[in-house]
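Read through the structure below, which is laid out as structure tokens, and then see the notes.
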Amino acid sequence: MALEVRSEFAQAMIALFEARADLVFITGDLGYLALEGVAQAYGERFINAGVAEQNAISFAAGLARVGHQPWLYSAAVFTVLRGYEQIRNDVCLHDLPVKLVGNGGGYGYGIMGATHHALEDVGALRALPNMTLYVPLLGTDVAQAVNEMAADPRPNYLRLGAAAKIPGEIPPFAAWRRLKQGQSCVVIGTGPVLQGLYELAPELLDELEIWCVGMFPLADLPDELLTSLKEKRRVFTIEEHYRACGLGEALSYLLLQRGAAPESLLCLSAAGYPSGRYGSQRFHQEESGLAGQPLVAIVEEFLRG
Amino acid sequence: MLEERVFSVKRRFLAMYKKANAGHIGSSLSCAEILVFLQFAWMTGDDTLVLSKGHAAAALYSLFAEAELLSTAQIDSYYEEGTGLPALPPFSGIKEIPFATGSLGHGLSLSAGMTFGSRLNREKRRFFCVTSDGELDEGSVWEAALFIAHHKLTDLIWVVDRNQIQAIGRTEDVLALEPLDAKLRAFGFHVLSVDGHDFASLLMARDECLRVWDTQAVPVVIIANTVKGHGLSYMQDTVDSHYLPMSDAQYEQALAELTRAHAAAVNGARSAV
């Protein structure tokens, strides 16, 4: 599990508390060995609302209605899906500054199994009005995402995962970031699953120009990306999320709209549980072709094709 | 005088329902006295009403018109294309409506949030949340009840409109709630059971709340025993009263019965405040 990012998140929340007086932190009874410092810093403004996400979300909306900025933390799947109608009606319809935080995006909870994985959180929230999603890539992105969310007077969701280790100079957190240049193919991905690409053989990796999406709804395509798309004409996307309503679908619309439809497009996404067996986050990523040898095979074939 | 207020509120929403050819009349009639009592005999300053049973929105709009918070033009627009007053409370445009309700099981949690937030703001502000009884089928209500009791949110006053009928059946036939008072007591509430159509009974509940809070930090729930479609002989205590609009003849009958009941109440046949 993504202990490192939870720690980054907790530190960012503590730093934020020193800067503003309207924060309230709510946990759905999760955050062991992560939120203790937050609880201590926030005092009466830290609430463990128990294992009751529906109440916690409406409660947060009520807090926001009387001037507070509530942050609600739980496992991504519980944060987003257990009280989805509460998010829809009480938070998004009213455009209130409720900050939802989901730990373990994608297969982040690994061996905990399917009930703890969040493979549809981005799609579910992307469908709601007024909601902006933040998906950090690096550990250092978390504080910046937290600060941007705090400055936004509207609903947000923070999808926490593992901290990716990406070589080279990476620009600070943004809606669009180019992680590296490449020869023949544009890759657009979101979240730490992008790290798997850096395990490809150097000659394969050299082919890939890699972009990272940090926010949803997708911001318009940057000019440099548009230029690359028109030159290279081959695109694949990668996300630790079901294909339905995910990055690939959102991007497809944007590509068509901007006249940048590629000659070939491949959307790599979470396949669920094809073998019916369970394992680590890595195990599930590999089963979905998002990491390891399965990813190598898919990328090789795509580049040959 | 509360009797005059409720007579006016009921006449207004019956006219709204008739013009709109709309249902949920029974739901509004069961909570009319409750809403009038809260608005005109209990709430002050920044106190806020949350009608969690949003399907009685016509009663709420009529109440707000009575309190001069909504205009006649707004009331006349009820149910019209492009209205600001839809069948259930809207999310925008009316500052006295803090949240769109009607999807059941939200209001109590929303009220808990506003109450807790006001406590953090060091404001003395009360929130009155009126739920239905069928709404208590929603698990989120019980999540909220646990939370309210745990945090001793005494500035949240919860009123259950206990009219015994939910959408398509009687509560005790669909998903039994009784013994409701014992359940709520076990959750940590001070439970008051009153006649939800009788202002004297509601006044006793208000005074009892004040007495309780003098000595204990315990949240209060008022079970207001009511009759769906109260006061209209042809519809009261029926499932139909949840759905059916009024014919011309029924509307005439409703006004006549309402007027007779009002006259009797004013003449002292009914407890007045």
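Values in this text are rule-based calculations from the coordinates and carry no lab data. Quick caveat, the model's predicted, so the values are computed rather than measured. Neighbour counts are summed over all protein chains in view; Cβ atoms, including those assigned to glycine, are modelled from backbone coordinates with ideal geometry.
Report, for the protein assembly as shown, the % of DSSP beta bridges that are antiparallel, rounded to 5.
Of the beta bridges lying entirely in the protein assembly as shown, close to 15 percent run antiparallel.
From zero up to wherever the largest Cα-Cα distance of region A:190-276 sits, split into 10 Å bins and tell me the percent of pairs in each.
15, 49, 31, 5, 0
Rank A:235, A:142, A:98 by mean-square fluctuation in a GNM of chain A with C-alpha springs under 10 angstrom and give only the top-ranked residue.
Its mean-square fluctuation being the largest, the pick is A:235.
When DSSP assigns beta bridges and you keep just the ones with both residues in region A:3-159, what percent turn out antiparallel, to the nearest 5?
Taking every DSSP beta bridge with both residues in region A:3-159, the antiparallel ones total about 5 percent.
Taking the simple approach of a point 7 Å from Cα along Cα-to-Cβ for both residue A:15 and residue B:183, what is their distance in nm?
With each label point 7 Å from Cα toward Cβ, the separation is 4.8 nm.
Equivalent-ellipsoid semi-axes (√(5λ), Cα gyration tensor) for chain A, whole Å, largest first?
The three semi-axes for chain A are 33, 20, 18 Å.
In percent, what relative contact order does region B:175-234 have, based on Cα pairs under 8 Å that are 6 or more apart in sequence?
Taking the mean separation of contacting Cα pairs over the length of region B:175-234, I get 40 percent.
Of all GluC sites (Glu not before Pro) in region A:233-305, which ones are in loop regions per DSSP and have a Cβ with at most 11 other Cβ atoms within 10 Å?
Taking region A:233-305 and a limit of 11 other Cβ atoms within 10 Å, the loop GluC sites (Glu not before Pro) found are A:263.
On a C-alpha basis, how far is the centre of region A:52-87 from the centre of region B:44-75 in Å? Whole number, if you could?
So the two Cα centres are separated by 27 Å.
At 1.002 mPa s and 20 °C, plugging the Kirkwood radius over alpha-carbon pairs of region A:3-159 into Stokes-Einstein gives what diffusion coefficient in µm²/s?
Translational D for this selection: 142 µm²/s.
What's the angle, to the nearest 10 degrees (0 to 90), between helix A:53-65's Cα axis and the longest principal axis of chain A?
For A:53-65 against chain A, the angle is about 70 degrees.
Sort out the exposed loop GluC sites (Glu not before Pro) in chain B (DSSP loop, at most 16 other Cβ within 10 Å) and tell me the longest stretch that has none.
B:124-273
Relative contact order of chain B: what whole-number percent is it, with Cα pairs under 8 angstrom and at least 6 residues apart?
Reported as a whole number, the value is 24 percent.
Partner chain Cβ atoms within 10 Å, averaged over the residues of A:67-76 - can you pull that number for me?
2
Quick check: the angle from helix A:292-304's long axis to the longest principal axis of chain A, C-alpha only, nearest 10 degrees?
That helix lies at roughly 50 degrees to the long axis.
Within the protein assembly as shown, what is the number of lysine pairs with alpha carbons under 16 Å apart, leaving out pairs fewer than eight places apart on the same chain?
7
Return the calculated 222 nm mean residue ellipticity for the protein assembly as shown, to the nearest 500 deg cm²/dmol, obtained by summing -39500 (n - 2.57) across DSSP H runs with n ≥ 4 and dividing by the residue count.
So the helix-based figure for the protein assembly as shown works out to -12000 deg cm²/dmol.
Quick check on chain A: of the DSSP beta bridges with both residues there, what percent are antiparallel, nearest 5%?
15 percent
List the residues whose amide H sits under 5 Å from the amide H of residue B:223, counting only those 5 or more places along or on another chain, with H placed 1.01 Å from N in the peptide plane.
Placed amide hydrogens put B:160, B:192, B:193, B:194 under 5 Å from residue B:223.
Within region A:1-102, list the chymotrypsin sites (Phe, Trp or Tyr not before Pro) lying in a DSSP loop whose Cβ has at most 14 other Cβ atoms in a 10 Å radius.
When the chymotrypsin sites (Phe, Trp or Tyr not before Pro) of region A:1-102 are filtered for loop state and at most 14 Cβ neighbours within 10 Å, A:32 remain.
Counting each pair of different Cα atoms once, what's the Kirkwood radius of the protein assembly as shown in Å, rounded to one decimal?
Kirkwood hydrodynamic radius for the protein assembly as shown: 26.1 Å.
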